[in-house]
1. Which of the following residues is touching a helix residue (DSSP H, G or I) at 6+ places or on another chain (Cβ under 7 Å) and either surrounded by 21 or more Cβ atoms within 10 Å (Cβ to Cβ) or among the polar types (S, T, N, Q) (or both): V145, V111?
2. Right, T192: surrounded by fewer than 22 Cβ atoms within 10 Å (Cβ to Cβ), among the hydroxyl-bearing types (S, T, Y), more than 25 Å from L144 (Cα to Cα) and outside the structural domain of P48 (by TED's automatic domain parsing) or not?
3. Does at least one position in region 183-192 carry a residue that is under 19 Å from R353 (Cα atoms) and small (G, A, S)?
4. Hand me the list of helices (runs of 4 or more DSSP H) wholly inside region 246-318 holding 1 or more residues that are closer than 20 Å to I61 by Cβ and assigned by TED's automatic domain parsing to the domain that holds R54.
5. I want to confirm something. Restricting to region 127-141 and keeping residues that are more than 10 Å from M265 (Cβ to Cβ) and at pLDDT below 95, which single residue is surrounded by the fewest Cβ atoms within 10 Å (Cβ to Cβ)?
6. Just to be sure, is M52 assigned to a helix (DSSP H, G or I) and modelled with pLDDT under 95?
Amino acid sequence: MDAMIRLLFALLCLSLAGCAEENPKDAPGSAESGPRVLTIYNWAEYIPQSVMNRFTSEYGIAIDYIVYESLEEAVQNIRTGKVYDIVLLYPEMIPQLIREGRLAPIDYRNVPNFRHVSSNFRDLSFDPGNHYAIPYRWGTTGLLVRTDLVTRPVSRWSDLWDPEFAGNIALWSIPSNLLSIALKALGYSVNTPVREHWEEALQHLLALKPHVTFIDNKIPSVVPTLAAGEVAIAYGWAFDAMTAQEEGLTNIEYILPEEGTFLWMEFFVIPANSPHRREAELFLDFLLRPEISGQLVNESYYASPNEAAVPFIKPEIYNNPLVYPSTEALKHAEPSLPLGMDGEAMFESMIKRVFPVK
């Protein structure tokens, strides 16, 4: 499994050379005065409250946890100068923010636990040397199916366009994922450089849009929607599948589509205008403690890049292929790569066509 993951993530290195500057400027220290409050900007319920409480108890630093509704919202707020100390982002969004000087370089003297991070997540070309980003977790994207509510097997992304399932599908309103699904359904790579492929995927997605329910990005899981029978198919992640298993919902199956899953990775960054950089680095080091990383996996069911966390992960989770998939399951997988400056402009224009600004 490790060799396959390394090969897939190495695509980032091969495809993105030159995305980020090689020699970051020295980071100034955090403010010495003022209240010790760390502001974290993230998806809802992405860090367990128990973990944040323990950090506060140990270090006397309170946490103000602010929730965003979309990654695009997070990036826009960073660009407009809103003040956060730690933000969770996907790799696709990081290179441009580095070029714009929006992110602070990380002082690894304050993050010694980074040594536990697998080489699979180091020196990726969107951030050579991990100067600006620290990996949090990774996983697959697949389909969740109420097997008792469909009349035939669902095995492909393209099945979402089958008229038989119209009105019976739920999709998260995450534009990058939606376009990736459409690209995969059409047989294209999620990293295709061909503009016509993206335009075809957009039209394919717009054709599907009237026949699906969009999920509020603030809710933690689509499982309750599936359990209630409101829809028969949704796209989601290992967390959803494990939640269904935990709740005894044997009629919900997680499928990695035949066209291939697209891998996701999440990274923490520190905005350049953060007033508490040292405290932010302290928190990131805290999350990389092996026992804390293990706790995060046990509570979230998302795979960790922290190799030293394995002894602290419950065996039934670590050995579950939904969380840590096999080499065979990843055979047609690919990571989503940053699009480059021209690609980002194209993508932003497409987002507005999928979700028009009101």
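The values are calculated or read from the model by the stated rules, or taken from the named source; none is laboratory data. Treat the numbers as computed from the prediction; the structure is a model and nothing was measured. A quick note on method: Cβ atoms are made from the backbone with ideal geometry, for glycine too, and the neighbour counts reach across all protein chains shown.
1. Going through V145, V111 in turn, just one is touching a helix residue (DSSP H, G or I) at 6+ places or on another chain (Cβ under 7 Å) and either surrounded by 21 or more Cβ atoms within 10 Å (Cβ to Cβ) or among the polar types (S, T, N, Q) (or both): V111.
2. Against the criterion (surrounded by fewer than 22 Cβ atoms within 10 Å (Cβ to Cβ), among the hydroxyl-bearing types (S, T, Y), more than 25 Å from L144 (Cα to Cα) and outside the structural domain of P48 (by TED's automatic domain parsing)), T192 qualifies.
3. no
4. 277-287, 290-300
5. Top of the filtered list is G129.
6. no
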